[in-house]
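Q: Before anything else, here's the structure in question.
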Amino acid sequence: MKKGLVLEGGAMRGLFTAGVIDVFLKEGIMFDGVIGVSAGAAFGFNYKSRQIGRVIRYNTKFSKNPGFCSFRSWLKTGDLYNAKFCYDEVPAWRDPIDAETYLSTPDRFYAVATDTQTGEAVIRDLSGLTDEEMEFMRASASMPAASRPVEIEGRSYLDGGISDPIPLKAFQEMGYDRCVTVLTQPRDYVKQPQKMMGVMELMLKDMPAITEGMKKRHLIYNEETAYVRSEEEAGRTLVIAPQEKLPSGRIEHSIQKMLDTYDAGVAEARRNLDAVRAFLAEE
């Protein structure tokens, strides 16, 4: 039996997930593998490096820095979240990743991105911490229209949430048969069709597969949340989700809202600790 941790995206709602994984680390709750989508990848990455508090620390520290996330960055570079700042400077020296720990911990870490040519989900093992793996993690969190596609080995990728927003089924098929699934929306959330799809089509006119993915994104999301619920009812996954809508939006500069979102994750993880331990102990 392999134990897995599945992390939904949601941009800055992912600070809820950061709170959950920090509690798991503090309490010594370990998994054989972790899979993250979008912010679930960018923030869940810190689970393998065992860096408690790093996600909330650098997000609040740089939240008002225009080099981190800003309309100015989007106009200048094509990326709302500045690629050099977020995926080079922060992990290298502004708030470094503990590479030694990341590489030495036994659990595997996977991210999901969407192939821009096919619109299909691609899952990649990022346990080696190579430059290409870091680029793939960036691709996983690169929102359409707000980010440039990320080029890797002759293919280009965008946000994994387009094609596989909650990859529980995919992880089960990879052999992780006892999974804790962390959502960043309340359990009763139903995703609606993409707003301003006409504008989105114009911005993505050179990527028809991504355009089609955005049109049906709500259908895929709602199918996957229904699957998560059915697996929870069957006792094959344990779900941790916000009790109510989180304070942080997809883009957030309010430090207080970030802290409140993170604290909600901490509280929900602590509320579920006994259940998580019991679930992972089952054979």
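The values are calculated or read from the model by the stated rules, or taken from the named source; none is laboratory data. Everything numeric here is computed off the predicted structure, so don't read it as measured data. Using ideal geometry, Cβ is built from the backbone for each residue, glycine included, and neighbour counts are taken over all protein chains shown. Each accessible area value is taken on the protein alone, full model and side chains, heavy atoms only, with ligands, DNA and RNA left out. Shrake-Rupley method; radii C 1.70, N 1.55, O 1.52, S 1.80 Å.
Q: Between Ile251 and Arg94, what is the label-to-label distance in nm when each label sits 7 Å out along the Cα-to-Cβ direction?
A: 1.7 nm
Q: For the range 82-137, what class follows from the C-alpha gyration tensor (a ≥ b ≥ c being the square roots of its eigenvalues): rounded when a/c is under 1.5, otherwise prolate if a/b is larger than b/c, else oblate?
A: Oblate is the answer for the range 82-137, as a/c is 1.5 or above yet b/c matches or exceeds a/b.
Q: Shape of the chain from its Cα gyration tensor (a ≥ b ≥ c, root eigenvalues): rounded if a/c is under 1.5, otherwise prolate when a/b > b/c, or oblate?
A: rounded
Q: For Met203 and Arg229, calculate 0.36 nm times their separation in residues minus their Cα-Cα distance, and state this gained length in nm to one decimal.
A: Details: separation 26, 0.36 × 26 = 9.36 nm, distance 3.45 nm.
Stretched out fully, the Met203 to Arg229 stretch lengthens by 5.9 nm.
Q: Can you pull out the trypsin sites (Lys or Arg not before Pro) in the range 148-217 that DSSP calls coil and that have at most 16 other Cβ atoms within 10 Å? List each step's numbers first, then the result.
A: On the way: sites: Arg155, Lys169, Arg178, Arg187, Lys191, Lys195, Lys205, Lys215, Lys216, Arg217; in loops: Arg187, Lys191, Lys195, Lys205, Lys216.
When the trypsin sites (Lys or Arg not before Pro) of the range 148-217 are filtered for loop state and at most 16 Cβ neighbours within 10 Å, Arg187, Lys191, Lys195, Lys205, Lys216 remain.
Q: Calculate the dipole size of the range 33-95 relative to its Cα centre from +1 charges on Lys and Arg beta carbons and -1 charges on Asp and Glu beta carbons; express the result in debye to the nearest 20. Could you put the intermediate results ahead of the total?
A: Working: 10 positive and 4 negative charges, 38 e Å.
Roughly 180 debye, rounded to the nearest 20.
Q: From Cα pairs below 8 angstrom and at least 6 apart in sequence, can you work out the relative contact order of the chain, rounded to a whole percent?
A: Result for the chain is 26 percent.
Q: Among the lysines in the range 1-76, how many pairs, 8 or more places apart or on different chains, have alpha carbons under 19 Å apart?
A: Going through the range 1-76 pair by pair, I get 5.
Q: Please report the antiparallel percentage of the DSSP beta bridges confined to the range 107-241, to the nearest 5.
A: That works out to approximately 70 percent antiparallel.
Q: Then there's this: Checking the cross-link filter: which lysines have an alpha carbon closer than 20 Å to that of Lys216, excluding same-chain neighbours under 8 positions apart?
A: Candidates past the 8-residue exclusion: Lys169, Lys191, Lys195, Lys205.
Q: Okay, moving on. What is the magnitude of the charge dipole of the range 1-59 about its Cα centre, with +1 placed on the Cβ of each Lys and Arg, -1 on the Cβ of each Asp and Glu, and no other charges, expressed in debye to the nearest 20? It would help to have the intermediate numbers written out before the result.
A: Numbers: 8 positive and 4 negative charges, 28 e Å.
With only Lys, Arg, Asp and Glu charged at Cβ, the dipole is about 140 debye.
Q: So, one more: So for the range 77-180: antiparallel DSSP bridges make up what percent, rounded to the nearest 5?
A: Details: 11 of 12 bridges.
Counting DSSP beta bridges with both partners in the range 77-180, the antiparallel share is about 90 percent.
Q: Another question about this same structure. Could you tell me what percent of the DSSP beta bridges with both partners in the chain are antiparallel, to the nearest 5?
A: Bridges in the chain that DSSP calls antiparallel: roughly 40 percent.
Q: Next question. Assign unit charges at the C-beta atoms only (+1 for Lys and Arg, -1 for Asp and Glu), then state the dipole size of the chain relative to its Cα centre in Debye, rounded to the nearest 20.
A: On the way: 36 positive and 41 negative charges, 190 e Å.
That gives the chain a dipole magnitude of about 920 debye.
Q: With a ≥ b ≥ c taken as the square roots of the eigenvalues of the C-alpha gyration tensor of the range 53-197, please select rounded if a/c is under 1.5 and otherwise prolate if a/b is larger than b/c or oblate if it is not?
A: Note, shape of the range 53-197 comes out rounded.
Q: Another one. Could you work out what % of the accessible surface of the range 35-109 is carbon and sulfur, using a 1.4 angstrom probe and leaving DNA, RNA and ligands out of the count?
A: C and S fraction of accessible area: 58 percent.
Q: Could you check the simple spin-label distance between Ala278 and Lys26, using points 7 Å along Cα→Cβ, in nm with one decimal?
A: Between Ala278 and Lys26, the simple spin-label model gives 2.3 nm.
Q: Additional query: So if I take the alpha carbon set of the range 101-174, get Rg, then get Rh from the Kirkwood formula, what is the Rg over Rh ratio?
A: 0.98
Q: While we're here: Determine the per residue accessible area of the chain with all protein chains present and a 1.4 angstrom probe, expressed in square angstrom.
A: Values: 12350 Å² over 283 residues.
Here the residues of the chain average 44 Å² of exposed surface.
Q: In addition: Any idea which of Phe136, Thr118, Gln51 is furthest toward the positive side of the dipole for the range 40-170, if Lys and Arg beta-carbons carry +1 and Asp and Glu beta-carbons -1?
A: Positive-end residue among those listed: Gln51.
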